[in-house]
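One structure is given here, and the rest of the page talks about it.
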Amino acid sequence: MSAILGRKVGMTSIYNEAGTQTVVTVIEAGPCVVTQVKTDDTDGYRAVQIGFQDKKAKHTTKALAGHFEAVSTAPKRHLVEFRDYGLAVEAGQTVTVADIFTEGQKVAISGTSKGKGFQGVVKRHGFRGVGDATHGQHNRQRAPGSIGQASSPSRVFKGLRMAGRMG
């Protein structure tokens, strides 16, 4: 397994010769610094710890500052450990996309959502709310409406789209 850290920069479109549009995500991947190489002898397993994106030294704990100083690099914002790393690397070495991947190679990407907190049904599931704000409606425009049936099922079914944590 070969891996690298990155961050999403934005979205754009590319067009082929036939004029077909493909939506693409632009990712700034690397350069990453190898901050630690773990071996079977020292740690009991094989892994490589890499860091991405510099951060200010004042926002780093003293323990992590010493960790980064040991490999002569600036403090990093993101530290991730990859097991069974496919490359022969040493601590302090800089890893780029060109070192790991070839042009046209298919890659698997995983990410973390930025999160949007607790949201209502209009934002979370696209409910329209009450269309007509007049005729007796008061503060009901973004409410979910009725959620259950009468006495026949006597319950609310699982998976009902309601307000909650989003992202």
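The values are calculated or read from the model by the stated rules, or taken from the named source; none is laboratory data. It should be emphasised that the depicted structure is a prediction, and the values quoted were computed from it without experimental measurement. Note that we place each Cβ from the backbone using ideal geometry, even for glycine, and neighbour counts take in every protein chain shown. These accessible areas exclude ligands, DNA and RNA; they are computed on the full protein's heavy atoms, side chains included. Shrake-Rupley method; radii C 1.70, N 1.55, O 1.52, S 1.80 Å.
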### Summary
Quick count over region 5-19, residues being touching a residue at least 12 places away in the same chain (Cβ under 8 Å) and not in a strand (DSSP E or B), is 1
### Query
Looking only at region 1-21, which residues are open to solvent by less than 70 Å² (accessible area, probe 1.4 Å) and within 22 Å of the chain's Cα centre (by Cα)?
SER2, ALA3, ILE4, LEU5, GLY6, GLY10, THR12, SER13
### Query
Has region 118-139 got at least one residue that is loosely packed, with under 10 Cβ neighbours inside 10 Å, among the small types (Gly, Ala, Ser), free of Cβ contacts under 8 Å to residues at least 40 places away in the same chain and within 30 Å of PHE82 (Cα to Cα)?
no
### Summary
Among the residues of region 45-64, the number that are part of a loop (DSSP other than H, G, I, E, B) and surrounded by 10 or more Cβ atoms within 10 Å (Cβ to Cβ) is 4
### Task
Can you confirm whether region 145-161 contains a residue that is open to solvent by 100 Å² or more (accessible area, probe 1.4 Å), in contact (Cβ under 8 Å) with a residue 12 or more places away in the chain and part of a loop (DSSP other than H, G, I, E, B)?
yes
### Query
Are any residues in region 107-117 at pLDDT 90 or above and open to solvent by 60 Å² or more (accessible area, probe 1.4 Å), and if so, which ones?
LYS116
### Message
Here's a check for you: in region 65-78, which residue that is open to solvent by 60 Å² or more (accessible area, probe 1.4 Å) and under 25 Å from the mean Cα position of the chain (by Cα) is farthest from LEU5 (Cα to Cα)?
### Response
ARG77
## Note on the structure
Counting only residues that are free of Cβ contacts under 8 Å to residues at least 60 places away in the same chain and under 15 Å from ILE27 (Cβ atoms), region 91-102 contains a total of 1
### Query
Can you find even one residue in region 91-102 that is out of contact with any Lys or Arg (no Cβ under 7 Å at 6 or more places or on another chain), in a strand (DSSP E or B) and closer than 20 Å to ARG7 by Cα?
yes
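Out of everything in region 103-132 that is of a type in the set (Lys, Arg) and part of a loop (DSSP other than H, G, I, E, B), what residue ends up being farthest from the chain's Cα centre (by Cα)?
Only one residue tops the list, namely ARG128.
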